Amino acid sequence: MKKLQKLGQKNSFKLINLIKSGVGNIRSISRVILDLEIKYRLVENIKDINKKSKIILPRIGSFNYFIKSLKKNQLFDKIYELVVFKKILILGICVGMQSLFK
């Protein structure tokens, strides 16, 4: 799987952060992103995240394990900061969506 793909002429996205947090549907999501000719970065830890880019947060399985995985890789607080304070757009999928609510 390529980490960065060429940006298509017809879309306005500069880059999307695709968060990899263990068990998830990364492959199918990355295929859709590629079909849309959108650039993305596979984010596995805090140093991989682009602080100005939209976020896709997919996850299936245990909510608690998901949150622990994000915290272990120092992504939980960074994603929270980007979404709440910097107003970066986020798309949560499955458990990723549940994690956006208290």
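Since every read-out is calculated from the coordinates, none of them should be taken as a lab result. Predicted, not measured: the structure shown is a model, and the values here were computed from it. Cβ sites come from the backbone with ideal geometry, for glycine too, and all protein chains shown count toward neighbours.
For L100 paired with I67, estimate the spin-label separation in nm (one decimal), with each label point 7 Å from Cα along the Cα-to-Cβ line.
1.8
With a ≥ b ≥ c the root eigenvalues of the C-alpha gyration tensor of the range 16-98, is it rounded (a/c under 1.5), prolate (a/b larger than b/c) or oblate?
It is oblate, given that a/c is not under 1.5 and a/b is not larger than b/c.
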